[in-house]
1. Expressed as a whole number of Å, what is the distance separating the alpha-carbon centroids of region 139-173 and region 56-87?
2. I'd like the Karplus ³J(HN,Hα) series for region 43-60: coefficients 6.51, -1.76, 1.60, θ = phi - 60°, whole numbers in Hz, and an x wherever there's a Gly or Pro.
3. Using a cut-off of 27 Å between alpha-carbon atoms, which lysines can reach Lys112, once sequence neighbours fewer than 8 places away in the same chain are excluded?
4. With a cut-off of 19 Å, note down the residues of region 161-180 whose backbone N falls inside the zone around a label point 7 Å from the Cα of Glu63 toward its beta carbon.
5. What are the residues whose amide H is under 5 Å from the amide H of Trp98, where those residues sit 5 or more places off or on another chain and H is modelled from the backbone?
6. Among Trp98, Trp171, what's the order by accessible area (1.4 angstrom probe), most exposed first?
7. Each label point is 7 Å from the Cα along the Cα-to-Cβ direction; what then is the distance between the points at His39 and Asp168, in nm?
8. Over the chain, average the accessible area per residue using a 1.4 Å probe and give it in Å², no decimals.
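The values are calculated or read from the model by the stated rules, or taken from the named source; none is laboratory data. Source: prediction; values computed, not measured. Quick reminder, even Gly has a Cβ in these numbers, built from the backbone with ideal geometry, and neighbours come from all protein chains shown. Each accessible area value is taken on the protein alone, full model and side chains, heavy atoms only, with ligands, DNA and RNA left out. Shrake-Rupley method; radii C 1.70, N 1.55, O 1.52, S 1.80 Å.
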Amino acid sequence: YDERKFPPDVKSYAMVARIMERQARHKEMLARGADARGHSVTARQLYYRAIADYHAAQHSIFEDDNSEKLYLCGRIQACEDRMIALSPTAVERVEIPWEKHSIAGLLYLQPKAAQPAPSLLWANGMDSIRELWPDPLHNWAFERGFNVLVIDGPGQGVSNLRKIRVTDDNWERAGKAAID
């Protein structure tokens, strides 16, 4: 994790989940305060930062069905819910039927006046989640007139919780299902 920035309190990999959860919880608390006072831009920024920290915390736990990992992923979802609610533009949660599973996604839609608009499928790297990229606060493709669908493909985010693991070719099939 040389390229990742952790607080100085993190002295070993085993400390990542605990320290990052504490940091994320603090940011989420500040976001809720801003949210309650009607400061939606500040709240969205803080929820986004909390999501990033919750992601770093859960990413360090590899065990399936681990209660701490499930809790951290639940906090990501709760922060995402508020970001969607506070978004000045339409953002929809989507479930894409795929083989015997469902792939979770977020669909950023241009205003109805701008429809139809070209659409882009965003495929994140394996260590990312749909809540982080593209940046929901400054989505460069959306800002240029695209609808944007970002998914947690096999081996990512919610797909991991659903035990949809990546293989040599299943991301390709999941991507095709999202496009279709």
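1. 16
2. Per-residue couplings from phi come out as 4, 4, 4, 6, 4, 4, 5, 5, 4, 4, 6, 4, 4, 4, 5, 6, 5, 8 Hz.
3. The reachable lysines, counting only those whose Cα sits under 27 Å from Lys112, are Lys176.
4. Only 161-163 fall inside the zone, counting backbone N under 19 Å.
5. Ile103
6. Working: Trp98 15, Trp171 45 Å².
The residues order as Trp171, Trp98, largest area first.
7. Between His39 and Asp168, the label points sit 5.4 nm apart.
8. In whole numbers, the chain has 55 Å² accessible per residue.
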